[in-house]
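The values are calculated or read from the model by the stated rules, or taken from the named source; none is laboratory data. Fair warning: this is a prediction, and the values are worked out from it, not measured in the lab. Cβ: placed from backbone, ideal geometry, glycine included. Neighbour counts: every protein chain shown. Protein only, heavy atoms only, side chains kept; ligands, DNA and RNA dropped before computing areas. Shrake-Rupley method; radii C 1.70, N 1.55, O 1.52, S 1.80 Å.
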Amino acid sequence: MGSAGLARLQGLFAVYKPPGLKWKHLRDTVELQLLKGLNAGKPPAPKQRVRFLLGPVEGSEEKELTLTATRVPTLIDHPLVRGLAFTSLKVGVGHRLDSQASGVLVLGVGHGRRLLTDMYNAHLTKDYTVRGVLGKATDDFCEDGRLVEKTTYDHVTREKLDRILAVIQGSHQKALVTYSNLDLQTQEAYEMAVSGVIRPMNKSPMLITGIRCLQFAPPEFLLEVQCMHETQKQLRRLVHEIGLELKSTAVCTQVRRTRDGFFTLDDALLRTQWDLPSIQDAIQAAAPRVVAELEKSLRPWLGTQEPPGADQPWDSERPRSALGPESHVGH
């Protein structure tokens with residue numbers, strides 16, 4: 001495998017992160033499996049060198065010795081002498097998922113680590129399914145957190161929930177225009193709005209571009225959320241605040257990312273597929289789509305984006321109200 005295998009490890013791919021697994025552990029596991037695959041290949045034939053070996057003279061009845069030129073393998077490149085050919089491999093992680101969340105996690109190897117920065121600058125949306133349960137509140141918005149309050153929920157209906165979701169989506173769409181710093185009176189801004197490529201020009205609070213209820217069977221409900229610049233904690237807080245708006249309470253029982261930019265669940269490798277051949281195939285399959293989608297997403301913003309600094313996080317951990325973004329710009 002060797003260098004030929006490494007040459008096919010240049011790009012982006014997606015894995016499915018199960019709940020309960022930290023993203024750092026996942027990354028380390030993938031790195032270990034890739035190194036194992038690279039080092040498992042058949043080593044190349046050893047190089048030959050000429051040595052003069054002492055031996056008997058052919059055809060001589062007397063025990064005469066002479067030096068004979070002979071080709072022998074050199075052992076300098078033997079694995080037992082040199083050690084493993086590949087001992088380190090850096091895998092970059094895109095928009096992270098906390099240990100409780102699950103779903104699509106994008107990783108990059110080689111020049112793919114630079115493509116992760118391009119994904120960041122493109123401000124692509126992500127899709128989540130978020131499950132909640134009405135009737136109780138906890139200190140961390142999770143089902144297994146410390147119980148703070150219990151409430152009734154018999155008065156909650158699907159229509160009331162849909163109305164609140166519509167208000168949330170409307171307020172966030174207005175904020176999206178504000179944070180994009182675009183003048184909607186211009187033809188360029190109008191065309192971008194029509195094509196749906198309006199994005200924040202820099203960092204912003206969590207912005208929800210779409211939210212709807214998929215299932216409603218009290219006390220449980222399931223939401224589909226399309227957003228950007230979010231953290232999973234903010235999505236759990238969203239469930240909590242929706243419960244308050246419904247004159248009740250709610251906790252989040254599941255956060256699952258179903259899409260990260262142009263990577264979906266169909267692209268995500270399961271844990272049994274975290275091996276060298278599967279990851280190489282995934283990178284090669286995604287490469288044309290990655291180039292096309294990044295070019296399409298970044299083209300309207302070329303010259304306007306500021307690349308993230310070394311200390312700039314992928315996702316802001318600052319707590320904010322999920323029902324509506326902050327009204328000020330330029331934080």
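One table, with the values for the structure above:
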| read-out | value |
| --- | --- |
| Residues of the chain: accessible area per residue with a 1.4 Å probe, Å² | 54 |
| Accessible area of the chain belonging to carbon and sulfur atoms, whole % at 1.4 Å probe | 53 |
| Distant-in-sequence amide H partners of GLN10 (H built 1.01 Å from N, under 5 Å) | none |
| Span from the the stretch 90-129 Cα centroid across to the the stretch 213-277 one, whole angstrom | 16 |
| Nearest-0.05 FRET efficiency for GLU191 and ALA166, computed from C-beta distance (R0 22 Å) | 0.25 |
| Sequence of GLU31, GLU58, GLU191 when ordered by accessible area, the most exposed leading, probe 1.4 angstrom | GLU58, GLU191, GLU31 |
| LYS247 versus GLN273: modelled label distance in nm, points set 7 Å from Cα along the beta carbon direction | 4.8 |
| Probe 1.4 Å, all protein chains present, accessible-area order of LEU84, LEU165, largest first | LEU84, LEU165 |
| Fraction of beta bridges assigned by DSSP in the chain that are antiparallel (%, nearest 5) | 90 |
| With all protein chains modelled, accessible area of CYS252 [1.4 Å, Å²] | 10 |
| Set of aspartates and glutamates near LYS36 by C-alpha distance (under 14 Å), chain-local residues within fewer than 8 positions excluded | ASP28, ASP275 |
| The chain: angle of helix 232-245 to the longest principal axis, Cα-based, in degrees nearest 10 | 10 |
| Karplus 3J(HN,Hα) series, Hz, for the stretch 111-124 with 6.51 cos²θ - 1.76 cosθ + 1.60 (x for Gly, Pro) | 5, x, 5, 6, 5, 4, 5, 5, 5, 4, 5, 6, 6, 6 |
| The stretch 208-306: C-alpha gyration tensor shape, a/c 1.5 cut-off, then a/b vs b/c | oblate |
| Probe 1.4 Å, all protein chains present, accessible-area order of ARG199, ARG299, ARG289, largest first | ARG299, ARG289, ARG199 |
| Whether the stretch 97-228 is rounded, prolate or oblate, judged on the alpha carbon gyration tensor where a/c under 1.5 counts as rounded | oblate |
| Crossing angle, helix 276-298 versus the chain [Cα axis fit, 0-90 degrees, rounded to tens] | 50 |
